[in-house]
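*Asks:* Quick one: the structure is below, questions incoming.
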Amino acid sequence: MPSPQLLPAGTAHSLLVGELIDSHRLSAIFQPIVRLADGVVIGHEALLRGPAETPLEFPQALFAQAKREGLSVELEHAAVRLAITGYAAAPKDTLLFINYSAAAIQSLFSTERETLLSNLVDANAHPLVVELTEQSDIANLQQFGTLMESMRKAGYKVALDDYGVANASMSLWVHLAPHFVKVDRFFIHGIARDALKFEAVKSMVAFARASGSHLIAEGIEHDSDLRIARDLGISYGQGFLLGRPSATPLLTIPRAASSTLDSHQIAVYPGRTHSAVRANEASTFLDALLVEAPHVTVRSHNDDVVQLFNLHPALHALPVLDNDRPVALINRRSFMDQYALPYHRELFGKRPCMQFANREPVLLERTASIDQVARLLTGDEQHILSDGFIVMEQARCVGLVPGISVVRAVTELRLESARHANPLTFLPGNLPLGAHIDRLIANGATFVACYADLDHFKPFNDRYGYWQGDELLKMAASTLGSVCEPTRDFLGHIGGDDFLALFQSEDWEIRLRRAIQAFNLAIIDFYRAEDKRAGGIAGEDRSGRQAFFGFVRLSVGAIVVPSFAARSASELSAAASAAKLLAKKDSAGFVKLDFERALHLA
């Protein structure tokens, strides 16, 4: 045994790991691992503890001191022996998860420990799962994979611990083909409100299905995160919400966790923020439209331009460079129209090409976003449509983008984007809204569908203009969103002034009435003083007749949908629309119907 080293000066006790092992002052505790489909405890992870209320009580300090003493592997083997002994009374079909580093696993196959592996299996009546810890640094994955295969043949199952951090990588997953992969708590904690964590774990779920591994979500502490893990299809979970570590292995989970797992309520999947969507668009938008183009210089002649246009018949324009800097653009159509006039070739062929060039070309950075390009297209400079843009990267011309290609691409992307998220309010659009409804129906959730609509919105829009109308719609979205609990309630923008909220919160009616009241008070500030005094505005109704309209108000038709009552999103939409029409006729602007009645009215 190597010479031990003392803890750093200033510690409360001069404890040595070697002495703790020899004097049997270490112990094992067990944290349950739970099947998320039904809340059954399928096994426990064994965790090492030192003497209570000492600097070496917890594993991090224990293993740090063991490393200083040169006893890291010895401490791991001692922890496993304690785990097997402490788990003896647990039901025989439960799995015992034990932690081993790569170095400790390799030591199991060394000459002096050749019998340890078989002894461990023989001494334990429970199925053993070896968790390869994140501290493992493996020089030769191929060789280590062979060792792990030997462990499988000896009766062990294999788990990859803390996946996503440190050394727990995709390559390790592929090489070891583990039975279980434990998703690090970093990705699970707060996943219900973090779209990037959600997408990362979603990809892990897909790879686990493809590889035949089962995921274990670590660090589950909140019911919203537990619901996400369950709904994503993660097989197992571990964390304080499901059970704290205990000297006696717990065989049932707390009532709160059981209630969440048994509930038909579904998680609301977190969506990407507007800024994240825009950043993604900016990185790829112009690249798909970029046309590599030859160029001329300020010293080139018009004959040179003709020659290039003849060599490149599909080219709509040519950039003109001065010391590698674009200073002008020559449009094919306008140039050739001029050049084709009688005697123009003879008169102008040897003259500088700048004579027929646009000296104020529009330059775009390669990373320009859709919004930046769209604003240029809606300006007064109509020549942009025919000239297009010169695309720049690091002060260098990298090509051209035809104006008509940009118009087409912006239109297509806007239409596709609107299906996923409304471009004004950034609320989920019809596709994610439909997907969430499908999940509610498939899981038999009890929920309330609330169809919200703005009364008298058209006259307001006609009087105050579309810009002010857009501000009003954004205020409606914000007001409705403020009363939704984001992990339970889903708010979507169908289009125009129509919104659909899908509540799973039990106090949904209180929340909704609060939103209606807040909106109807805030709307008054959108009117001019004279219209406030009059109580509304005069305008045309949808039939073109003059009428007086009161202030815009929020009307909501709510339908209570019992478990498995709805059959499809289209059926639900029809029922909610019927409730909305009744709400618009109600003096308070609110109607609550049961699903069957709403469906009958539809």
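Each reported figure results from applying straightforward, stated rules to the coordinates on display, with no laboratory input. This structure is a prediction, so every number in the text was calculated from the model and none was measured. Neighbour counts are summed over all protein chains in view; Cβ atoms, including those assigned to glycine, are modelled from backbone coordinates with ideal geometry.
*Asks:* For the chain, give the share of DSSP beta bridges that are antiparallel, in percent and rounded to the nearest 5; count only bridges with both residues there.
*Replies:* 60 percent
*Asks:* Counting other Cβ atoms within 10 Å of each Cβ, which chymotrypsin sites (Phe, Trp or Tyr not before Pro) in the range 308-407 have at most 11 and sit in a DSSP loop?
*Replies:* Listed in order of number, the matching sites are TYR343.
*Asks:* Tell me the relative contact order for the chain as a rounded percent, counting alpha carbon contacts under 8 Å between residues six or more apart.
*Replies:* Once normalised by length, the contact order is 9 percent.
*Asks:* Work out the length of the dipole vector of the range 417-497 about its Cα centre, built from +1 on the beta-carbon of each Lys and Arg and -1 on the beta-carbon of each Asp and Glu, and round it to the nearest 20 debye.
*Replies:* Dipole magnitude for the range 417-497 comes out near 180 debye.
*Asks:* Students often get this wrong, so check it: of LYS474/LYS584; LYS474/LYS585; LYS67/LYS157; LYS474/LYS592; LYS197/LYS474, which have C-alpha atoms separated by over 22 Å?
*Replies:* LYS474/LYS585; LYS67/LYS157; LYS474/LYS592; LYS197/LYS474
*Asks:* Shifting gears a bit: Which listed residue (ILE105, LEU473, ILE390) has the Cα farthest towards the positive end of the charge dipole for the chain, taking +1 on Lys and Arg C-beta and -1 on Asp and Glu C-beta about the Cα centre?
*Replies:* LEU473
*Asks:* All other residues with a Cβ under 13 Å from the Cβ of LEU500 taken together, and with Lys, Arg as +1 and Asp, Glu as -1, what is their net charge?
*Replies:* Neighbour charge sum, excluding LEU500 itself: -3.
*Asks:* Calculate the dipole size of the range 281-412 relative to its Cα centre from +1 charges on Lys and Arg beta carbons and -1 charges on Asp and Glu beta carbons; express the result in debye to the nearest 20.
*Replies:* 420 debye
*Asks:* Which part of the range 494-524 falls in the paramagnetic zone of GLU471, meaning amide N under 13 Å from the point 7 Å along Cα-to-beta-carbon?
*Replies:* 523-524
*Asks:* Compute the length gained on full extension between HIS344 and HIS312: take 0.36 nm times their separation in residues and subtract their Cα-Cα distance, giving the result in nm to one decimal.
*Replies:* 9.4 nm
*Asks:* Starting from the 7 Å offset along Cα-to-Cβ, what nm value, one decimal, do you get for the label separation of SER334 and ALA103?
*Replies:* Output for this residue pair reads 7.3 nm.
*Asks:* Next question, about the same structure. Considering Cα pairs under 8 angstrom that are at least six residues apart, work out the relative contact order of the range 426-601 and quote it in whole percent.
*Replies:* Contact order relative to length: 30 percent.
*Asks:* About the Cα centre of the chain, what is the dipole size in debye to 20, counting +1 per Lys and Arg Cβ and -1 per Asp and Glu Cβ, all else neutral?
*Replies:* Result for the chain is approximately 1040 debye, rounded to the nearest 20.
*Asks:* A follow-up question, please. Given the range 175-262, report the % of alpha carbon pairs whose separation exceeds 22 Å.
*Replies:* When every Cα pair of the range 175-262 is considered, 26 percent fall beyond 22 Å.
*Asks:* Which residues does a label at ALA395 reach in the range 292-307, if reach means a backbone N under 19 Å from a point 7 Å past the Cα toward the Cβ?
*Replies:* Output list for this probe position: 298.
*Asks:* Also, quick follow-up: May I ask you to sort SER563, SER171 by Cβ crowding, counting other Cβ atoms within 10 Å and putting the fewest first?
*Replies:* Going from least to most buried by this count: SER171, SER563.
*Asks:* Calculated from the structure, Cα extents along the principal axes in Å equals which of [x] 92, 72, 44; [y] 83, 70, 41; [z] 103, 75, 49?
*Replies:* [z]
*Asks:* Moving on to the next point. For a paramagnetic label modelled at 7 Å from the Cα of THR146 toward its Cβ, which residues of the range 93-112 fall within the zone defined by backbone nitrogen distances under 19 Å?
*Replies:* Under 19 Å, as judged by backbone N against the label point of THR146, lie 102-112 of the range 93-112.
*Asks:* Report, in deg cm²/dmol and to the nearest 500, the calculated mean residue ellipticity at 222 nm for the chain, where each DSSP H run with n ≥ 4 adds -39500 (n - 2.57) and the sum is divided by the residue count.
*Replies:* Counting only the DSSP helices, I get -12500 deg cm²/dmol.
*Asks:* Using mean Cβ contacts within 10 Å as the protection proxy, how do 59-72, 194-207, 231-244 order, highest first?
*Replies:* Ranking the peptides 59-72, 194-207, 231-244 by packing returns 231-244, 59-72, 194-207.
*Asks:* Name the aspartates and glutamates eligible as straight-distance cross-link partners of LYS458: C-alpha to C-alpha under 18 Å, and not fewer than 8 places from it in the same chain.
*Replies:* Partners within reach: ASP470, GLU471, ASP497, ASP498, ASP525, ASP531, GLU540, ASP541.
*Asks:* If you keep only loop residues by DSSP, which GluC sites (Glu not before Pro) in the range 446-534 have at most 15 other Cβ atoms within 10 Å of their Cβ?
*Replies:* Here the GluC sites (Glu not before Pro) that fit, given the DSSP loop and packing criteria, are GLU506.
*Asks:* Now for a separate question. Any chance you could run the full-extension gain for ALA288 through ALA154? It's 0.36 nm times the residue separation minus the Cα-Cα distance, nm to one decimal.
*Replies:* Going from the current span to full extension adds 42.8 nm.
*Asks:* Give, in nm to one decimal, the length gained when the segment between HIS301 and ASP322 is fully stretched (0.36 nm per residue of separation minus the Cα-Cα distance).
*Replies:* 6.2 nm
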